[in-house]
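For reference, the structure is listed below as structure tokens.
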Amino acid sequence: MSLLTTTDELAAVCDRFSRHPFVTVDTEFLRETTFWPKVCVIQIASPEEAVAIDALADSVDLSPFFELMANPEVVKVFHAARQDLEIIWRLARLIPAPLFDTQVAAMVCGFGEQASYLELVKAITRANLDKSSRFTDWSRRPLSAAQIEYAIADVTHLRDIYLSLRARLERSNRLDWLADEMQTLTSPATYEQHPENAWERLRHRARKPRDLAVLMELAAWRESEAQSRDVPRSRVLKDDMLIEIAQSAPRSPEALANLRSFPKGMERSRAGADIVAAVERGLARDPASVPRIERERRGSNGATVELLKVLLRQVTEQTGVAAKMIATVEDLEAIAADDRADVQALKGWRRAIFGEKALELKSGRLALAIENGRVVTFDWQDAGEAPAQAEASAETREEASASG
């Protein structure tokens, strides 16, 4: 197995790979004890060869790899790309493009939501992977032959998966359905870590506007602290403790120390003073600047949302596209409240296969029924038809919509 440990070796490989229409890419990294991922090994494959790069070797400059990732003539293929792309963005401030994510493509090709690499290997290549090195410490050197073989296997099978999924998408005229997801993955905003936005991960745990105001300041402080120290957020302060502080709003080190779960002695440290200061900033916030806490957004639209969920399941079963790709629960709630909601489910191909039906269901022009244990749809004026006839007419409309 080929392990590259020098810049010259890497440059030669990347030059060869740049002459191919696509390359497959994966990374092995550690993040258990750090905020930022620590890349240890990078694997790349062309249609003809595959290599692993020792990213920790002192004699390797990764510039040739980054140049390959920036080459607009070469499609970069990843599986579940987000974390790999975050690493590349962090190291080189670039995002590989054009991009193809096989996990996203699998959701459009009938493999369900978030199909794993192992599942796709079995389903498409019929191969069995040796996963014995899955939980290995990739930072230890030297790397064993088994580790290198395991790492490279993650990009060799990915070639066959990519070719198979791309062919399926082209045959079904669904290749452009990936555009929205690829646009999100290739946006720098997806990977930028802004401390002032850290509260959004915890927003649903705030009970009152005052709690949320304090939580916003506390989360921003913790995020900055974790980034500057390069440690996980939980090493600074756990989520539950952050919520408890936001709810109790202690305004002195003594009040902070009285919280039962607060780390002993921390109130006397610089961090303790920072926490009290964050609480004060939160309490001083203008209430108008605090986002509205949305409890049960569905309200009187709850029944409509439940019907839309049933319709979404029917469309998912009929088209093979994962529900997550078509519409989120938030989308359904927005559609239930507003026919003109600004959501992806009412745009483009999603509107063609689901959005229009959702609006028809809301207006009473579309009905749902059960036929042989399956949900079927039919026009309300066709309610007198036999279920089989109604299902047939619905499928005819679906095919026409998909071809359009």
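The values are calculated or read from the model by the stated rules, or taken from the named source; none is laboratory data. All of these numbers come straight from a predicted model, not from anything done at the bench. Neighbour counts are summed over all protein chains in view; Cβ atoms, including those assigned to glycine, are modelled from backbone coordinates with ideal geometry.
One table, with the values for the structure above:
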item: Identity of the residue in the stretch 110-132, part of a loop (DSSP other than H, G, I, E, B) and over 18 Å from the mean Cα position of the chain (by Cα), that ends up farthest from V39 (Cα to Cα); result: G110
item: Neighbours by Cβ (under 6 Å, 6+ apart or cross-chain): first from the stretch 121-140, touching a residue at least 40 places away in the same chain (Cβ under 8 Å); second charged (D, E, K, R); result: W138/E28
item: A341 being in a helix (DSSP H, G or I) and under 26 Å from the mean Cα position of the chain (by Cα); result: no
item: So P96, is it surrounded by 15 or more Cβ atoms within 10 Å (Cβ to Cβ) and within 28 Å of P64 (Cα to Cα); result: yes
item: Count of the stretch 375-404 residues which are modelled with pLDDT of 80 or more and surrounded by fewer than 13 Cβ atoms within 10 Å (Cβ to Cβ); result: 0
item: Some residue of the stretch 354-372 being at pLDDT 80 or above, within 26 Å of L169 (Cα to Cα) and small (G, A, S); result: yes
item: Complete set of residues in the stretch 191-203 that are touching a residue at least 40 places away in the same chain (Cβ under 8 Å) and either buried (at least 21 other Cβ atoms within 10 Å of the Cβ) or not charged (D, E, K, R) (or both); result: Y191, L202
item: Residue, nearest to I148 (Cα to Cα), within the stretch 5-43, restricted to residues that are loosely packed, with under 15 Cβ neighbours inside 10 Å and modelled with pLDDT under 95; result: L30
item: Any hit, the stretch 65-81, residues being among the small types (G, A, S), touching a strand residue (DSSP E or B) at 6+ places or on another chain (Cβ under 7 Å) and outside any loop (DSSP other than H, G, I, E, B); result: no
item: Meets criteria (modelled with pLDDT under 95 and either within 26 Å of D160 (Cα to Cα) or surrounded by fewer than 20 Cβ atoms within 10 Å (Cβ to Cβ) (or both)) for S2; result: yes
item: Number of positions in the stretch 327-338 that are part of a helix (DSSP H, G or I) and touching a helix residue (DSSP H, G or I) at 6+ places or on another chain (Cβ under 6 Å); result: 6
item: Restricting the stretch 133-143 to residues that are touching a Leu at 6+ places or on another chain (Cβ under 8 Å) and not aliphatic (A, V, I, L, M), the residue that is farthest from V39 (Cα to Cα); result: R141
item: Selected residue [over 23 Å from T102 (Cα atoms) and either basic (K, R) or touching a residue at least 40 places away in the same chain (Cβ under 8 Å) (or both)] from A151, A146, A206; result: A206
item: The stretch 6-36: number of residues that are β-branched (V, I, T) and more than 30 Å from L163 (Cβ to Cβ); result: 4
item: Test: V315 is in a helix (DSSP H, G or I), of a type outside the set (S, T, Y) and either touching a Cys at 6+ places or on another chain (Cβ under 9 Å) or outside the structural domain of K208 (by TED's automatic domain parsing) (or both); result: yes
item: Any hit, the stretch 44-58, residues being touching a helix residue (DSSP H, G or I) at 6+ places or on another chain (Cβ under 8 Å), part of a helix (DSSP H, G or I), at pLDDT 95 or above and not small (G, A, S); result: no
item: Residue check for D61: part of a loop (DSSP other than H, G, I, E, B), surrounded by fewer than 16 Cβ atoms within 10 Å (Cβ to Cβ) and either in the same structural domain as L120 (by TED's automatic domain parsing) or at positive phi (or both); result: yes
